[in-house]
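Visitor: Submitted below is the structure of interest, expressed as structure tokens.
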Amino acid sequence: MSFDGSNATDLLYVALGNPLRHDDGVAWAVVEAMDPARSLAQLQATPELATEISGARRVVFIDAAMQGELRLERIEHFSPSSLTHAVNPSEVVALARLLYGFTGEAWLCRIPGKDFTPGEGLSRRANTNARLAVSLLRDWC
């Protein structure tokens with residue numbers, strides 16, 4: 001997918017996960033490898049992220065997945081939860097739309113991993129998927 005005329009600063013990458021839990025930190029590794037103009041690294045999505053994403057034309061949340069395939073999907077609708085201190089990316093987008101008039105595009109890139117136990121470093125599966133995610137996201141933008 002290509003977006004003609006887009007400015008790299010209009011695109012915000014939000015890496016979610018804990019790099020001290022092996023593959024849960026894969027999103028941080030992807031953002032580091034991409035070195036984008038704008039990025040955030042967070043342990044989890046929180047309501048406060050709504051403020052951060054509100055000024056972006058496009059936002060991509062990047063997160064580890066315990067199973068499945070590497071995928072990039074548009075966030076279209078709100079998935080409700082109890083709205084505690086941690087929320088999911090679709091809730092952050094819904095809050096940004098409601099509170100700050102966010103009208104941009106929102107995407108979620110899920111990167112499968114294998115090892116989510118305490119410790120540093122990525123498993124072979126997460127490392128391979130991280131490289132594929134970098135390629136996918138560079139082609140996409």
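Just so you know, all these numbers are worked out from the coordinates, no wet-lab data involved. Every value quoted in this text rests on a predicted model; they were computed, and no experiment measured them. Cβ placement follows ideal geometry from the backbone for every residue including glycine, while neighbour counts extend to all protein chains displayed.
Visitor: Quick check: from the Cα gyration tensor, does region 26-69 come out rounded (a/c under 1.5), prolate or oblate?
Guide: Because a/c hits 1.5 or more and a/b fails to exceed b/c, region 26-69 counts as oblate.
Visitor: For the chain, what are the per-bin percents of Cα-Cα distances with bins 10 Å wide, up to the bin holding the maximum?
Guide: 13, 44, 35, 8, 0
Visitor: Next question. Which whole-number percentage describes the relative contact order of region 22-141, with Cα contacts under 8 Å and a sequence gap of 6 or more? Provide the component values of the computation, followed by the final result.
Guide: Numbers: 193 pairs, mean separation 47.3, N = 120.
Relative contact order comes out at 39 percent.
Visitor: So what is the calculated 222 nm ellipticity per residue for the chain, using -39500 (n - 2.57) for each DSSP H run with n of 4 or more, over all residues, to the nearest 500 deg cm²/dmol?
Guide: Values: 4 runs with 43 residues, N = 141.
It comes out at -9000 deg cm²/dmol, rounded to the nearest 500.
Visitor: When the chain is modelled as a GNM with alpha-carbon springs shorter than 10 Å, which of Gly17, Gly68, Gly25 fluctuates the most?
Guide: Maximum fluctuation in the GNM of the chain, among the listed residues, is at Gly68.
Visitor: What does the net charge come to around Met66 if you take all other residues with beta carbon closer than 14 Å to its beta carbon, with K and R at +1 and D and E at -1?
Guide: Working: positive: Arg21, Arg71, Arg110, Lys114, Arg125; negative: Asp23, Asp24, Asp63, Glu69, Asp115.
So the environment of Met66 carries a net charge of 0.
Visitor: Continuing with the same structure: Mind giving me the FRET efficiency for Arg38 and Arg125? R0 is 35 Å, r the Cβ-Cβ distance, nearest 0.05 is fine.
Guide: Details: r = 28 Å, r/R0 = 0.81.
My answer for the efficiency is 0.80.
Visitor: Using the Kirkwood radius over C-alpha pairs as Rh, can you work out the diffusion coefficient of region 3-76 via Stokes-Einstein at 20 °C, viscosity 1.002 mPa s, in µm² per second?
Guide: Working: Rh = 13.1 Å.
For these conditions, the coefficient is 164 µm²/s.
Visitor: What residue among Asp35, Asp23, Asp63 shows peak mean-square fluctuation when the chain is described by a Gaussian network model with Cα springs under 10 Å?
Guide: Greatest mean-square fluctuation among the candidates belongs to Asp35.
Visitor: Show the residues, 5+ positions off or on another chain, whose built amide H is closer than 5 Å to the amide H of Leu43.
Guide: Close amide H contacts, sequence-distant or interchain: Gly17.
Visitor: How much net charge surrounds Ala15 when only the other residues with a Cβ under 14 Å from the Cβ of Ala15 are counted, with Lys and Arg +1 and Asp and Glu -1?
Guide: Details: positive: Arg21, Arg38, Arg110; negative: Asp23, Asp24, Glu32, Asp35, Glu52, Asp63.
Surrounding charge for Ala15 is -3.
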